[in-house]
Amino acid sequence: MRIYLVQHAKAIAAELDPTRPLSQEGQREMEQMAFWFKKQDLDLSAIWHSPLLRAKQSAEIVAYILKDATLLKEVNELRPNEPVQALALQLAKLREPVMLIGHIPFLASLCGLFLTGNEGLQPLAFYNSGIICLEKKDITWQVLWSIPPGLLG
């Protein structure tokens, strides 16, 4: 089972707009990453996203590029400072690949829990619009790959 962890695209500063919609740069980077993801022809059963606007807009870009809005699912547990255990248990039961679009520190903590057993350890760097692929083999999670947006040009 695979999960794709995505930190939302770059957003406008809270001082300019407290709802923090995506910036133009963030939109472009997320589109670029979504096109790359589509080109890989990877299986995906759902796109779970935080209810915060920047994550929702990031997820909508991916769904639009993949031409499947039915993949979208808003998940309150993906908010930045939510505890990771509840969502980790849900993910452990899944058999189909899912993309999670959320925030730091949540995604980094989830990654730490899966890879080290300790959510306080955050072994991977996250980048806005970047995608990290984790795969579960039996009971162990491993990193398959990580693509920051700058790597694609």
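The values are calculated or read from the model by the stated rules, or taken from the named source; none is laboratory data. Just so it is clear, the structure is predicted and the values come from calculations on it, not from any experiment. Note: ideal-geometry Cβ built from the backbone for every residue, glycine included; neighbour counts use all protein chains shown.
Some observations on this one:
- Screening R79 on (1) crowded, with 16+ Cβ neighbours inside 10 Å; (2) in contact with a Ser or Thr (Cβ under 7 Å, 6 or more places away or on another chain) shows it passes everything except condition (1).
- G150 being within 21 Å of L42 (Cβ to Cβ), in contact with a helix residue (DSSP H, G or I) (Cβ under 9 Å, 6 or more places away or on another chain), of a type outside the set (A, V, I, L, M, F, W, C) and loosely packed, with under 13 Cβ neighbours inside 10 Å: yes
- Check on L71, closer than 24 Å to A11 by Cα and surrounded by fewer than 13 Cβ atoms within 10 Å (Cβ to Cβ): no
- Pair list, Cβ under 6 Å, 6 or more apart: the stretch 142-153 residue in a loop (DSSP other than H, G, I, E, B), other residue modelled with pLDDT of 95 or more: P148/Y127; P148/G130
- Count of the stretch 53-82 residues which are among the hydroxyl-bearing types (S, T, Y) and closer than 14 Å to K38 by Cα: 1
- Residues satisfying the stated conditions in the stretch 91-106, i.e. loosely packed, with under 13 Cβ neighbours inside 10 Å and at pLDDT 95 or above: E96
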